[in-house]
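Engineer: Below you will find the structure I want to go over with you.
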Amino acid sequence: GRAVVTTHGGDVWIVSGLDERLADVTWRRFAAGLFEPFGVRVVDGVIYVMCRDGLKRLHDFDGNGEADFVEAFWIDDDVSCMFHAYNFDLQTDSQGNFWFAKAGQYTQHHRPGAILRIPPEGGRAEVVAWGLRTPNGMGKLADDRFTVSDNQGPWMPAGKISLIREGSFLGNMPINKEQEEWLKARHGGELPETFDEPIVWTPQELDNSCGGQLWVDDARFGPL
């Protein structure tokens, strides 16, 4: 009956009373002042928030329902000042690793448009896949695999959902020298000529800004 909600402006809220009636829903601010938090997970009762400047772990030492300490669980050394340079979503796998997506287009990253994985102890991140433009959200399959969306624009004829594989290039090409050097280094010194195609394209009239994915196995949805 409770949920953790983050806002673009940097707040983290605990929302209580979430039942079928929604007759007594209450909001309490747990933390404030975070840098554009776009992903959140609760692990063993502790709140982790993915922000533009890294992954934060929030501690409530005195148990009063408000965070006393914001721990820099992983510091992102790759923060861009461009508008859409977000770190999107936050997922966890069965081994306790954290997964998130980093924006590509309009950024000056040295890790542009990538899926990154942070180990359970934090402190570092590794690139798993790359070639994303604006990956607004991710999803998790029952077998510990992940998916990621991307949005229509340059190099993306429509929105799409891709299955994340180790070493996948998902199609977005560089827009500046730094991005070009980064991409060439991952492809033997040359720019790639093909990409791993998505599991589904989403036509613009159906979804013009793809978000996260939620996988449902309820029989009422019927067969695909």
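Engineer: Within segment 129-150, track down each residue that is more than 20 Å from ASP53 (Cβ to Cβ), open to solvent by 10 Å² or more (accessible area, probe 1.4 Å) and of a type outside the set (Phe, Trp, Tyr).
Structural biologist: Answer for segment 129-150, where residues must be more than 20 Å from ASP53 (Cβ to Cβ), open to solvent by 10 Å² or more (accessible area, probe 1.4 Å) and of a type outside the set (Phe, Trp, Tyr): ARG133, LYS140, LEU141, ALA142, ASP143, ASP144, ARG145.
Engineer: Follow-up question, since we're still on this one. When segment 198-222 is examined, which residues are found to be without any contact (Cβ under 8 Å) to a residue 24 or more places away in the chain and closer than 23 Å to GLY159 by Cα?
Structural biologist: GLU205, LEU206, VAL216, PHE221
Engineer: Could you identify the single residue in GLU126, GLU205 that is among the acidic types (Asp, Glu), surrounded by fewer than 18 Cβ atoms within 10 Å (Cβ to Cβ) and touching a strand residue (DSSP E or B) at 6+ places or on another chain (Cβ under 8 Å)?
Structural biologist: GLU126
Engineer: ALA185: hydrophobic (A, V, I, L, M, F, W, C) and either on the phi > 0 side of the Ramachandran plot or surrounded by fewer than 17 Cβ atoms within 10 Å (Cβ to Cβ) (or both), yes or no?
Structural biologist: yes
Engineer: Follow-up question, since we're still on this one. Go through (1) β-branched (Val, Ile, Thr); (2) within 19 Å of HIS84 (Cβ to Cβ); (3) open to solvent by 40 Å² or more (accessible area, probe 1.4 Å); (4) touching a strand residue (DSSP E or B) at 6+ places or on another chain (Cβ under 6 Å) for ILE115 and report which single condition fails.
Structural biologist: In the conditions (1) β-branched (Val, Ile, Thr); (2) within 19 Å of HIS84 (Cβ to Cβ); (3) open to solvent by 40 Å² or more (accessible area, probe 1.4 Å); (4) touching a strand residue (DSSP E or B) at 6+ places or on another chain (Cβ under 6 Å), ILE115 misses (3) alone.
Engineer: Exactly one of these conditions fails for ARG133: (1) free of Cβ contacts under 8 Å to residues at least 40 places away in the same chain; (2) farther than 19 Å from GLN213 by Cα. Give me its number.
Structural biologist: (2) is the only condition that ARG133 fails.
Rundown of residues vs (1) in contact (Cβ under 8 Å) with a residue 12 or more places away in the chain; (2) open to solvent by less than 40 Å² (accessible area, probe 1.4 Å); (3) touching a Lys or Arg at 6+ places or on another chain (Cβ under 8 Å); (4) small (Gly, Ala, Ser), yes/no style:
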position: VAL15; (1), (2), (3), (4): yes, yes, yes, no
position: PHE35; (1), (2), (3), (4): yes, no, yes, no
position: PHE38; (1), (2), (3), (4): yes, no, yes, no
position: CYS51; (1), (2), (3), (4): yes, yes, no, no
position: HIS59; (1), (2), (3), (4): yes, yes, no, no
position: GLY65; (1), (2), (3), (4): yes, yes, yes, yes
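Engineer: Select from segment 70-84 the residues that are under 13 Å from LYS102 (Cα atoms) and either crowded, with 16+ Cβ neighbours inside 10 Å or free of Cβ contacts under 8 Å to residues at least 12 places away in the same chain (or both) and list them in ascending order.
Structural biologist: ASP76, ASP77, ASP78, VAL79, SER80, listed by residue number.
Engineer: Among the residues that make up segment 167-185, is at least one of them among the aliphatic types (A, V, I, L, M), in contact with a Ser or Thr (Cβ under 6 Å, 6 or more places away or on another chain) and closer than 19 Å to VAL128 by Cβ?
Structural biologist: Yes, the conditions are met somewhere in segment 167-185.
The values are calculated or read from the model by the stated rules, or taken from the named source; none is laboratory data. Remember, predicted model here, so these are calculated numbers, not experimental data. FYI the Cβ positions are ideal-geometry reconstructions off the backbone, even for glycines, and counts take in every protein chain you see. Areas reflect the complete protein model, heavy atoms only, side chains present, ligands, DNA and RNA absent. Shrake-Rupley method; radii C 1.70, N 1.55, O 1.52, S 1.80 Å.
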